[in-house]
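The values are calculated or read from the model by the stated rules, or taken from the named source; none is laboratory data. Predicted model only: the values in this text are computed from it and were never measured. All Cβ positions, even for glycine, are placed from backbone atoms using ideal geometry, and neighbour counts span all protein chains on display.
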Amino acid sequence: MSKQGKIGVTSENIFPVIKKFLYSEHDIFLRELVSNAVDASQKLRALASAGEYKGELGELQVRVSFDPEAKTITISDSGIGMTAEEVEKYINQIAFSGAEEFLDKYKDDKVAIIGHFGLGFYSSFMVSSRVEIQTKSYKEGAEAVHWSCEGNPEYILEPGSRSERGTDIILHIDSESEEFLSKDRLTALLNKYCKFLPIPIIFGKKQEWKDGAYVDTDQDNQINDIHPAWTKKPSELTKEDYIAFYHQLYPQTMEEPLFWIHLNVDYPFNLTGILYFPKVKNQMELQRNKIQLYANQVFVTEEVEGIVPEYLTLLHGVLDSPDIPLNVSRSYLQSDAQVKKISNHIAKKVADKLDELFRNERSLFEEKWESLKVFVQYGMLSDEKFYERAAKFNLLTDLEGKLYTIEEYRTLTESSQTDKDGQLVWLYANDKETQYSAIERATAKGYSVLLMDGPLDVHAISQLEQKLEKTRFVRVDSDSIDKLIAKDEQREVSLSSEEQQALSQIFQARLPREEKRNYHVTFEALGEDADAVLITQGEFMRRMQEMARLQPGMNFYGELPEGYNVVLNSDHALIKRLLSEEQTSVEPKLGTLREELKAQTELVEAARTVQNAKKADEVTAAEREELESLSYKQAELEGKINSELQRFGQETALVGQLVDLALLGSGLLKGEALARFIRRSQELL
Ligand code: ADP
Ligand code: MG
């Protein structure tokens with residue numbers, strides 16, 4: 001028997017195609033060849049247990065070796081081997097009809113190409129200039145076979161040299177791929193793809209430290225764990241086993257996982273795996289794509305999106321399912337009904353586990369909440385079903401660190417924090433330090449304040465407001481305390497509009513002028529004991545801007561300046577004192593200006609009334625000009641008055657002091673302004 005032939009592909013030559021399209025995935029050749037060897041070994045074992053193979057099984061192992069001089073890598077097994085007919089059938093005749101069309105369709109999806117049409121073995125040509133097979137079938141009387149091919153459709157098939165059952169695949173590594181002829185490189189690849197294969201994979205010898213160097217021992221170096229934890233029954237595993245397996249998966253991670261979920265389904269789909277909740281301290285640590293996907297213990301990928309819901313890609317661990325169609329494009333995957341079932345199952349298991357932990361071990365659950373929170377919130381925000389399941393165990397944290405479920409918190413706050421319109425108002429802070437004064441005002445009133453400083457809290461707040469009836473969230477410093485939760489009609493501000501205008505100018509003179517920040521003076525009767533001046537930031541705009549920072553597409557809000565209200569407390573003695581000082585020292589200086597302004601304003605209004613009564617085209621140019629010049633004079637008078645008032649503001653230390661104290665109370669006084677404040681305070685003392 002000796003034969004030359006042509007590989008059965010309809011496409012003229014698939015080899016350039018293999019090299020070209022699979023370029024970036026070169027290293028998968030080792031996975032393909034080793035898993036073929038594992039398959040061959042397992043098939044033999046299956047035949048033996050079915051009684052169809054009666055010979056000795058021996059030690060079923062796969063050996064990987066390389067020879068840097070000969071530039072070869074060899075993968076050897078003692079599995080079922082192949083007869084000449086089988087080599088013809090399984091190696092030579094690649095069912096590859098419509099190759100061009102197929103490759104065109106999937107040219108961006110390399111995983112789909114390999115495997116889909118049994119190209120596994122042929123991936124060896126990505127790194128080889130010649131591939132040889134030495135094989136001998138387990139079948140009685142089978143002859144050894146040698147196959148050789150140089151990366152073109154011609155091959156040689158002739159009697160082989162193998163004396164024992166099994167197969168050697170010998171790769172003659174091409175000059176561009178010599179990087180693979182390295183112990184470190186091959187070790188890394190075997191670790192990546194073969195770490196949990198079910199048949200021992202041997203690569204070289206174990207080493208030991210001797211006389212200042214590492215030397216080979218005579219023990220085989222097995223690189224894989226053939227019984228990884230996920231393939232065992234949960235009842236066989238201890239807590240330590242799960243933690244040890246976590247470290248086996250992530251040797252670089254020192255932290256222990258919070259807890260885990262062992263998946264074990266065989267109907268209506270096959271799925272095993274262990275998912276771990278990692279410990280997270282801050283958002284920066286969140287790493288996606290740490291879940292490893294296996295198919296019968298063969299590593300496939302760490303890109304699991306589409307298979308697990310988005311928010312669960314933050315989990316760690318392994319999934320193993322032969323039912324996930326791996327050889328299709330990602331977009332197909334997402335629409336596949338089976339995959340959807342798997343994905344839903346995983347989401348439900350995760351929610352069940354959290355629920356169980358919450359109900360049975362609440363204190364433990366609370367201890368871990370800091371790390372869990374981001375998963376739970378992410379899940380609630382992205383999956384309606386998960387929201388429903390998680391609404392029972394999603395926790396709110398108050399400023400003392402106490403944790404409440406949504407229902408518990410409602411019960412706690414309902415009687416004291418419902419406003420006059422029947423709305424339940426939940427106060428929150430997202431910075432304990434800068435919002436301290438506002439927090440103090442709220443707690444003095446007996447209100448509870450939540451801490452909402454997590455990365456997803458802004459979104460979680462919006463969602464809860466949509467879901468919960470008659471409940472809204474308000475940041476504790478977004479208004480004066482009486483307005484945060486309005487209980488009855490507000491007290492009236494007893495200042496005339498002229499007085500308000502005067503105070504407003506006086507304070508404007510001392511408010512910081514910053515780009516991207518506006519201050520607007522307002523008045524409220526907050527009572528004599530409340531602060532004289534406070535700074536608030538409206539809830540709506542601030543929240544929109546916070547969201548804009550987190551998600552693109554909301555630039556409109558992101559680019560608006562931040563708006564702050566400077567609330568002057570008309571009941572406060574200091575405000576009253578300022579006003580009376582203004583009356584005695586500024587008003588006389590204004591002399592007749594106020595009278596003139598009043599008269600001028602009347603003239604402007606009269607002219608405007610006349611013009612408004614006419615149709616636009618009936619107004620003459622002269623009339624228009626007249627109104628313009630009247631308005632100009634009015635503005636001029638206003639300007640004069642304002643600059644007197646502002647001068648007063650500039651010269652009065654009390655104004656600067658009140659402004660700075662209010663800024664300080666809101667964490668807005670910094671840098672040079674803060675230094676100036678300190679100096680001025682010392683002078684005042
Ligand atoms: P697949 O593994 O998806 O069937 P491959 O291209 O990887 O596709 O392999 C093609 C076929 O070649 C296998 O199905 C098997 O019948 C045969 N084969 C490959 N490697 C071996 C081996 N080491 N021992 C026995 N048969 C093998
Ligand atoms: Mg294969």
* Hey, among the residues in the stretch 15-43 that are in contact with a Leu (Cβ under 8 Å, 6 or more places away or on another chain) and more than 16 Å from ligand 2 (Cβ to nearest atom), which one's modelled with the lowest pLDDT? -> Phe21
* Looking at this structure, is Lys210 at pLDDT below 95, out of contact with any strand residue (DSSP E or B) (no Cβ under 8 Å at 6 or more places or on another chain) and charged (D, E, K, R)? -> yes
* Considering only residues that are in contact (Cβ under 8 Å) with a residue 60 or more places away in the chain and of a type outside the set (Val, Ile, Thr), look in the stretch 202-219 and name the one that is nearest to Ser76 (Cα to Cα). => Phe203
* Go through the residues of the stretch 122-133 one by one and say whether even a single one is within 51 Å of the chain's Cα centre (by Cα), within 16 Å of ligand 2 (Cβ to nearest atom) and modelled with pLDDT of 95 or more. => yes
* Condition met for Glu469 (under 22 Å from Met380 (Cβ atoms) and surrounded by fewer than 14 Cβ atoms within 10 Å (Cβ to Cβ)) -> yes
* Structure fact -> By residue number, the members of the stretch 31-58 that are free of Cβ contacts under 8 Å to residues at least 60 places away in the same chain and either touching a His at 6+ places or on another chain (Cβ under 7 Å) or more than 8 Å from ligand 1 (Cβ to nearest atom) (or both) are Arg45, Ala46, Ala48, Ser49, Ala50, Gly51, Glu52, Lys54, Glu56, Leu57, Gly58
* Only one of (1) over 41 Å from the mean Cα position of the chain (by Cα); (2) in a strand (DSSP E or B); (3) surrounded by fewer than 15 Cβ atoms within 10 Å (Cβ to Cβ) fails for Asp529. Which number is that? -> (2)
* Asked: If we keep just the residues of the stretch 642-659 that are closer than 25 Å to Ser437 by Cα and free of Cβ contacts under 8 Å to residues at least 40 places away in the same chain, which is surrounded by the fewest Cβ atoms within 10 Å (Cβ to Cβ)?
  -> Ala653
* Structure fact -> Asp67 passes all but one of the listed conditions (1) over 42 Å from the mean Cα position of the chain (by Cα); (2) within 16 Å of ligand 2 (Cβ to nearest atom); (3) at pLDDT 90 or above; the exception is number (2)
* Output the strands (runs of 3 or more DSSP E) that fall wholly within the stretch 357-431 and possess 3 or more residues being more than 30 Å from Asp482 (Cα to Cα) and more than 24 Å from the chain's Cα centre (by Cα), or say none. => none
* Structure fact -> Of the residues in the stretch 135-179 that are in contact with a strand residue (DSSP E or B) (Cβ under 6 Å, 6 or more places away or on another chain) and among the aromatic types (Phe, Trp, Tyr), the one that is nearest to Lys43 (Cα to Cα) is Trp147
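Conditions tested, residue by residue: (1) among the aromatic types (Phe, Trp, Tyr); (2) part of a strand (DSSP E or B); (3) in contact with a strand residue (DSSP E or B) (Cβ under 9 Å, 6 or more places away or on another chain).
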{"site": "Ile261", "(1), (2), (3)": "no, yes, yes"}
{"site": "Phe269", "(1), (2), (3)": "yes, no, no"}
{"site": "Tyr276", "(1), (2), (3)": "yes, yes, yes"}
{"site": "Leu293", "(1), (2), (3)": "no, yes, yes"}
{"site": "Val300", "(1), (2), (3)": "no, yes, yes"}
{"site": "Glu303", "(1), (2), (3)": "no, no, yes"}
{"site": "Leu312", "(1), (2), (3)": "no, no, yes"}
